[in-house]
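Contents: one structure, followed by commentary.
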């Protein structure tokens, strides 16, 4: 029974993670447009999430081996939450680009830890 519960909890985590990623992917460009940022720079900032995800995918196996599933997921969630909250503090496109890179890394870390966690649970 505990394996079923843990798998269901992980699936729910992935659903919430995908929802959050989709919303930030939509709301970040809209926020930049509201700030009056040029359209080409908005596209650049939006693409930084993918660059961060690639960086995170490259570094996540080592991070997972160093800290384990739970800590890697918690670190990714904390980094992502801090990034989202910091967007309200500094409303400059270069800062938002850096935050988008960090969000991409954090999402890659969370997906890697969930994938590994599911592999262990099943």
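The values are calculated or read from the model by the stated rules, or taken from the named source; none is laboratory data. Just so we're clear, the structure is a prediction, and the values are computed from it rather than from any experiment. Positions of Cβ are generated from backbone atoms using ideal geometry, with glycine treated the same way; all protein chains shown enter the neighbour counts.
The table below lists the values:
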{"read-out": "Given (1) in contact with a helix residue (DSSP H, G or I) (Cβ under 7 Å, 6 or more places away or on another chain); (2) closer than 29 Å to residue 43 by Cβ, number of the condition residue 90 does not satisfy", "value": "(1)"}
{"read-out": "Candidates 83, 56, 52, filtered to the one that is at pLDDT below 95 and surrounded by 14 or more Cβ atoms within 10 Å (Cβ to Cβ)", "value": "83"}
{"read-out": "Scan of the stretch 99-122 for residues that are buried (at least 24 other Cβ atoms within 10 Å of the Cβ), under 27 Å from residue 4 (Cβ atoms) and in contact (Cβ under 8 Å) with a residue 60 or more places away in the chain, ordered by number", "value": "107, 110"}
{"read-out": "Meets criteria (touching a residue at least 40 places away in the same chain (Cβ under 8 Å) and within 14 Å of the chain's Cα centre (by Cα)) for residue 14", "value": "yes"}
{"read-out": "Top-ranked residue in the stretch 1-11 [being without any contact (Cβ under 8 Å) to a residue 12 or more places away in the chain, more than 21 Å from the chain's Cα centre (by Cα) and assigned to a helix (DSSP H, G or I); ranked as nearest to residue 100 (Cα to Cα)]", "value": "5"}
